[in-house]
Structures are given as structure tokens and as C-alpha cells.
Amino acid sequence: MTRRRDRITEALWAYAFIAPLALGLGVFYLWPVLQTAYFSFTEWGAFGGHEWSGTDNYVRLAHDPEVGRALVNTISYTVLGLVSIPLAVVFAALLNRRMRGVGVYRTLFFLPVVTMPVAVAMVWRWLYNGDYGLINYVLSLAGIDGPNWIADPTTALFALVVIGVWSSLGYNLIIFLAGMQAIPAEYYEAAALDGAGPVRQFLRITVPLLSPTAFFVSVVSVIGSLQLFDLVFVIAGSGASARANPAYPRLQTVVALFYDRAFVTNDRGYAAAVVMVLLLIIAALTLTQFRLQRRWVHYA
Amino acid sequence: MRRPSPSRVLLHTVLVAASLAMVAPFLWQIVTSLKSLSEATTVPPTLLPEGRWENYGRVFDLLPFGTQFRNTVIVALARTAGQVLLCSLAAYAFARLRFPGRGVLFGVLLSVLMVPPQLFIIPQYQIMSSLGWLNSLQALIVPGLFSAFGVFLLRQFFLGLPLELEEAARLDGAGPVRIYWSIMLPLARPGLLALAVLVLIWSWNDLFWPLVVNSDPDTMPLSAGLASLQGQFQTDYPVLMAGSLLASLPVIAVFVFLQRQFIQGIAQTGIKG
């Protein structure tokens, strides 16, 4: 009898412990997701009212060239940004040893990860400046006449990718280092006895045993890249000033488009449809990655 | 004395070159922040600036920098304290207490974790607007007090803690509140600290939400304030560099001091936000 009462007391305490958080998550996160899904089927008037419009937003979206461009840009940025993964693996391998200064190197690689993205974007805007930027000055020393990176449609997206890789490298590196430290030292000792050099050990032991980590990092970075906003907002601006930049069609991302529709032109039903599409893309790409992992990920 | 092997020298050369590439933007930011506009726009660029420290003062003329700094600190501390408390309470229940619906509720929590945050924004904005909270610090703080990620991280941490102390306390007649407060929280300090550092940094750096709810410069955090300078004062890069340095320095300092906890938190959960 007392045991049953104990169990009820325990459950009641558990609900009491969870209640404040559950309430907040329900009001500010769970319910909003359902509302956004509903809004994507509505049309918003100038004064905030909205009415059911069926699939109109989705039909409009499918024919909107701006949506198409934003999707192409976002996905290109995401795919090109994956170059950060092999880079991070190489530097993690170089840092995965006992030597002086490892901590310092690790800190330096990690600094961009914690730096405010707005500040990062400002600094890079200045580095990319066509007339006075450091990058073009260095190029001029080699006799190259650098472009106006972020205002030139052919280089703008590439310039964004460089910033993205620079800011995420340290994060990926930390995850890979943790993964490498979990590989038993005996494997390397056995390989060394068999006469395998460091490069062979890296390719035959580290790389395959690291594939679960690489899978994880690729899932996380794809999800993150698909939501790119801060960099674009500072590099390109938004609204009318952004559209004045000839490279803007190459810079606008899905989330930047969402911001513009939801809070600049106040076309919130359409904006909701845009993020619903983003949700579907993220879900589809993540699912595809899980499907493909069988082909290349080795679980020990 | 042992001479370093050639491979060691090569290794350090590669690492020094790479870390130089990583810090070069920061160095150039510092150098530029100490130049006058005319010095910043001379070709070839000067490496040693003339030392225009007044650029840092001018940041305070362009922006209500002091107010925005205070806003950022208040919001970051409130969100951190709130998340650490609310998430640790819920995480303890999920990790240690038995109750009907535990699996389902945790599943719902995980699904919130997987939704891209942009899906919350429009309804959250409407809630803030109907409460009359637009352009207020509450708007920046309140939704950020709750986090599915925080519960997930701390639950994993609690699950890894030994059960013995708790059982001993239970035999002594301690209830869930006592156990949570005087046994779990002290044991979980590294986990709580990891969550705190992560929340502090995300909150400090966040741009999207402040941009949406607070358009009045006096209620903006530094991220939004700084972003508002872009376009307006496009040409005065030295002052922009000084401002962005001032805005990002506190978080860099926190990171350098609490590096170990932060990196552990990331390596364990793999999530940076």
C-alpha cells in the first residue's frame, strides 16, 4: 500500500519538476510550430488579419523565381561548406598528439566559433572590400586584380562560403579531436609494428574509425548551413538597400527570404510557407544522409 | 640538446601558418580599429596604425553602446540562470523519477529539438506583440528561458552520475527536492557549467530574434545594434571595427577562461546552436 503511495508521490513530484519547462516549451515552441504550419495556408492582410487561402502560398512559391534562387544559393552554400569537414579532419589529426602549444593552436582555431557572427561579418566585409580590402591588396602583390568580392555575382557566394568555413572549422575540429581520442592506442601500435607509417595509419585506421563522427558532423553542419542568416544580413543587408547590390540574387538565402517576407513586407502567410519548405528540405536531406550512411560509415 | 626532427618542424610550420590564417581577420580588425578613415583607405595599407584610440569613444556616439551592452548582459544572464534552473529540474525528473508518460513527453521534447528555430518566430512575435512586449527586455528574455536542448544535455549528464549517493539519501528519508538540490546539482556542476557557457554565448551572439522584436535602439542588444550600423555608416570602417571588437570581446574572454567546460560541452553533445 505504501509502495503504491510512494509511486504516486514520485510521479507527482516529477510532474511538478517538469511543469514550468513544459508550460514554456508548449507556449513558445510546440504550439508555434503548429501555428506556423496553419499560417502557411493563410493570406495576411495589411493590418495583420489573416484568412484561409488553401494551397495558394505553396503554388505561388513554386513559381517564385526569388524562392528558386534562394534555394539554389542555400544548397550551394551548404554543399560547398562541407569542405570544412576534410580540412577539420586533417588539422585534428595534426593536433592529436602530445606536443607543446596544442592548447594554443586549439584556442586559435576555435576563436571564430565563439565570436559574434555580426562582428565576424563586419570584419570580412572590410577584408573583402574591393578598393581597400586586405585580400585584394595581397592579391595585387601577386599581380592579380581582385574583384569586388561581395558585390560581384560571380564571387559573392564563394566569399560567403569562405567565411562559413573559417567560422566552423574550429567547431568541427573539436568534435573530430574528441572522436580521435576515443580510438584505442593499441590499433596504432599494432599498425606501427606491421610497419605502417603515419600517413598509412591515418588513412587505414583514423579515417574509417572516424566515419561515425564525420557522419554526425556532416548532419549537423548541413542543418546549420541551411539556416544561414546572420552573415547574409550583415554582408548584404535586407530590403531595398540589399536589392541595390548586383550580387544580391547570389546571396539571398531561404532564411533571409523568410525574414524579408515575414518582417519587411509583412507577407506572413507566405513567409510561413517558405519556412515549411525549409523544414521539409532539412528533414529530407537529414533522412537521405541517414540512408546513405550504410555505404560509408563504419561502426566499430 | 636534442634537435627537433624535420617532421616536427614541418608540422609546426603548417600549424603556425594555419592558425595565422585563423587569427589574421582579428589582427586586421584590431589594426584597422586604430586607424583614421583616411589611413584605413590608403594603398598600400599601413601595418602599424597611428593609434586612433578615440575610435573606441566614437562607437559610443554612434550607438547607445552602454545601454546595449547592459541589455546584452542582463538578457544573457537571465536566460542562462533560467535555463540552468528550469532545464535541470526537468532533466532530473526525466533521468531519475518514474512517472506515466515519461517516454512520450521526452519524445515530444526531442521533436522540438529537431525543428529549425525559424518555425517558432512568427507566432512568438505575435505573442510578444499581444502582450505589449515589443521593444522590451522581457521579449528578449522570456522565450529564451525554455530550451529542449538544455533538458537533453542535462538529462544525459544526470544519467551518467552514480546512483549510490542518491539511494543513501533516499534511505535517510530525503525527498526528490532535497535529492535534486543537495545531491544532483552539486554532482552535476560540470554539466550545468557547460550548459551555462553555451547559453551565455548563444544569447550574446543571437541576431534574428532581437531584430524581429526590438526595433528601438535602446532595447536592442549589441548584436542588433551593431548590425544596424551596417549600411548607415558603411564607409567608417575603423569605427565599425572598434565597435565589433568591443561587442565580441566579452564572449571571447568568457570562452578563454571557461574553455575546458565549453569544449567538453560541445564534444559531448556536438551541438553549438
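The values are calculated or read from the model by the stated rules, or taken from the named source; none is laboratory data. Small disclaimer: the values here were computed from a predicted structure and weren't measured. Neighbour counts are summed over all protein chains in view; Cβ atoms, including those assigned to glycine, are modelled from backbone coordinates with ideal geometry.
Please go through segment B:29-60 and pick out each residue that is in contact (Cβ under 8 Å) with a residue 24 or more places away in the chain and within 29 Å of the chain's Cα centre (by Cα). The answer is B:Q29, B:I30, B:T32, B:S33, B:L34, B:N55, B:Y56, B:R58, B:V59. Figure legend. Inter-residue proximity from segment A:26-39: first residues within 7 Å of chain B (Cβ to nearest Cβ), second residues of a type in the set (K, R), beta-carbon distance below 8 Å, spacing 6+ or different chains. Indicated pairs: A:F39/A:R268.
What do you reckon, is A:L71 out of contact with any His (no Cβ under 6 Å at 6 or more places or on another chain) and modelled with pLDDT of 95 or more? When the stated conditions are applied, A:L71 passes them. Answer with yes or no whether A:E43 is more than 9 Å from chain B (Cβ to nearest Cβ) and either among the hydroxyl-bearing types (S, T, Y) or surrounded by 15 or more Cβ atoms within 10 Å (Cβ to Cβ) (or both). In short, yes.
No other residue among B:A90, B:A95 is assigned by TED's automatic domain parsing to the domain that holds B:L192 and within 24 Å of the chain's Cα centre (by Cα) apart from B:A90.
Looking at segment A:251-275 only, could you name the residues that are among the small types (G, A, S) and out of contact with any His (no Cβ under 9 Å at 6 or more places or on another chain)? Correct list: A:A256, A:A262, A:A271, A:A272, A:A273. Restricted to segment B:32-77, and to residues there that are over 30 Å from B:Q138 (Cβ atoms), surrounded by 20 or more Cβ atoms within 10 Å (Cβ to Cβ) and of a type in the set (G, A, S), the residue that is modelled with the highest pLDDT is B:S33.
Condition check ((1) closer than 20 Å to B:V197 by Cα; (2) touching a residue at least 12 places away in the same chain (Cβ under 8 Å); (3) not acidic (D, E)) across all residues:
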residue	(1), (2), (3)
A:L71	no, yes, yes
A:T74	no, yes, yes
A:T78	no, yes, yes
A:G81	no, yes, yes
A:A88	no, yes, yes
A:A92	no, yes, yes
A:L95	no, yes, yes
A:R98	no, no, yes
A:F110	yes, yes, yes
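Can you spot a residue in segment A:161-172 that is closer than 15 Å to A:S211 by Cα and in the same structural domain as A:V72 (by TED's automatic domain parsing)?
Checked segment A:161-172: at least one residue is closer than 15 Å to A:S211 by Cα and in the same structural domain as A:V72 (by TED's automatic domain parsing).
Conditions tested, residue by residue: (1) touching a helix residue (DSSP H, G or I) at 6+ places or on another chain (Cβ under 7 Å); (2) under 25 Å from B:P44 (Cα atoms); (3) not aliphatic (A, V, I, L, M).
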{"residue": "A:I85", "(1), (2), (3)": "yes, no, no"}
{"residue": "A:M99", "(1), (2), (3)": "no, no, no"}
{"residue": "A:R106", "(1), (2), (3)": "yes, no, yes"}
{"residue": "A:T115", "(1), (2), (3)": "yes, no, yes"}
{"residue": "A:G133", "(1), (2), (3)": "yes, yes, yes"}
{"residue": "A:P147", "(1), (2), (3)": "no, yes, yes"}
{"residue": "A:P153", "(1), (2), (3)": "yes, no, yes"}
{"residue": "A:V165", "(1), (2), (3)": "yes, no, no"}
{"residue": "A:Q181", "(1), (2), (3)": "no, no, yes"}
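The criterion of at least 1 residues that are under 22 Å from A:G224 (Cα atoms) and within 12 Å of chain B (Cβ to nearest Cβ) is met by the following helices (runs of 4 or more DSSP H) wholly inside segment A:239-294: A:254-259. Pairing residues of segment A:181-203 that are assigned to a loop (DSSP other than H, G, I, E, B) with residues that are not hydrophobic (A, V, I, L, M, F, W, C), at Cβ distances under 7 Å and at least 6 apart in sequence or on separate chains, gives A:I183/A:T206; A:A196/A:R204. Look at A:V59 and say whether it is out of contact with any Gly (no Cβ under 6 Å at 6 or more places or on another chain), assigned to a helix (DSSP H, G or I), more than 22 Å from A:F215 (Cβ to Cβ) and β-branched (V, I, T). Yes: the conditions hold for A:V59.
From the set of residues in segment A:70-118 that are in a loop (DSSP other than H, G, I, E, B) and more than 13 Å from chain B (Cβ to nearest Cβ), which is farthest from A:V275 (Cα to Cα)? First the steps, then the outcome.
As a first pass, look at segment A:70-118 and keep what is in a loop (DSSP other than H, G, I, E, B): A:82-83, A:96-101, A:115-116.
Then drop every residue that is not more than 13 Å from chain B (Cβ to nearest Cβ), which leaves A:82-83.
On the way: A:L82: 23, A:V83: 26 Å.
Out of the qualifying residues, it is A:V83.
With respect to B:S36, determine if the residue is closer than 28 Å to B:P238 by Cα and among the polar types (S, T, N, Q).
Yes, satisfied.
Would you confirm, using the coordinates I've provided, whether A:T253 is within 30 Å of A:A214 (Cβ to Cβ) and surrounded by fewer than 23 Cβ atoms within 10 Å (Cβ to Cβ)?
no
Among the residues of segment A:203-244, those that are surrounded by 17 or more Cβ atoms within 10 Å (Cβ to Cβ) and either over 27 Å from the mean Cα position of the chain (by Cα) or charged (D, E, K, R) (or both) comprise A:I205, A:D230. Among the residues of segment A:131-165, those identified as within 20 Å of A:Q252 (Cα to Cα), within 13 Å of chain B (Cβ to nearest Cβ) and either not small (G, A, S) or not in a helix (DSSP H, G or I) (or both) are A:I150, A:V162, A:I163, A:V165. Within segment B:137-176, the set of residues being closer than 18 Å to B:A95 by Cβ, charged (D, E, K, R) and surrounded by fewer than 20 Cβ atoms within 10 Å (Cβ to Cβ) comprises B:E164, B:E166, B:E167, B:R170.
The listed residues are B:G103, B:G144, B:G150, B:G82, and the only one of them that is without any contact (Cβ under 8 Å) to a residue 12 or more places away in the chain, more than 7 Å from chain A (Cβ to nearest Cβ) and closer than 30 Å to B:I266 by Cβ turns out to be B:G103.
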